[in-house]
Amino acid sequence: MAFRAMEDMLNELRGDTILDLADSDTDNDRNDVESNVEIIISELSDTDPTSENSDKEPDEGNPDWTEVTGDGRNVDVDVFREFSDPVHDLLDDAHPIDYFKLFITDSFITHITEQTNLYAEQCQADRGIDKYWKPVCETDIWKFLYI
């Protein structure tokens, strides 16, 4: 909030005073600009300190700020002690295809089959009938993925 007020006031100054400064570089004009800036600063210091964008200095009373010392690269991080292995219900003697099926499910294969056949129909409608095309089934998609 305070930042917007300052920005609006500075834009006013830019439009009125600073542009006039380009035409005449007298000491009085410079003094006017400096006094206007002082007025803006004093008005901003009178604004509500609890406004949403208030710029507080880092201190003990403001927990959002922390002081960074050194180069900021040597950071102490607690050791992660939670369980982090993959979670699944497969037995220890499971085959690789069982792991593959954790990601590529039967419903996904059904979706691929439906979309493949739909695309083939659309292409044939645009380009003409392909006498060698036949709709694929889920077994065909699994065979294709096994290759």
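Can you tell me which residue among 97, 104 is surrounded by 10 or more Cβ atoms within 10 Å (Cβ to Cβ) and within 32 Å of the chain's Cα centre (by Cα)? It would help to see each step written out before you state the result.
On the way: 97 fails: within 32 Å of the chain's Cα centre (by Cα).
Checking each option against the conditions leaves just 104.
Restricting the search to segment 120-145, which residues are loosely packed, with under 10 Cβ neighbours inside 10 Å and among the hydrophobic types (A, V, I, L, M, F, W, C)?
If the condition is that a residue be loosely packed, with under 10 Cβ neighbours inside 10 Å and among the hydrophobic types (A, V, I, L, M, F, W, C), then 125, 129 are the ones that fit.
Among the listed residues 63, 58, identify the single one that is surrounded by 10 or more Cβ atoms within 10 Å (Cβ to Cβ) and at pLDDT below 80. Step through it out loud before you land on a result.
Numbers: 63 fails: surrounded by 10 or more Cβ atoms within 10 Å (Cβ to Cβ).
The conditions single out 58.
The values are calculated or read from the model by the stated rules, or taken from the named source; none is laboratory data. Here the structure is a predicted model, which means the values were calculated and not measured. Glycine also receives a Cβ, built like all others from the backbone with ideal geometry; neighbour counts cover every protein chain displayed.
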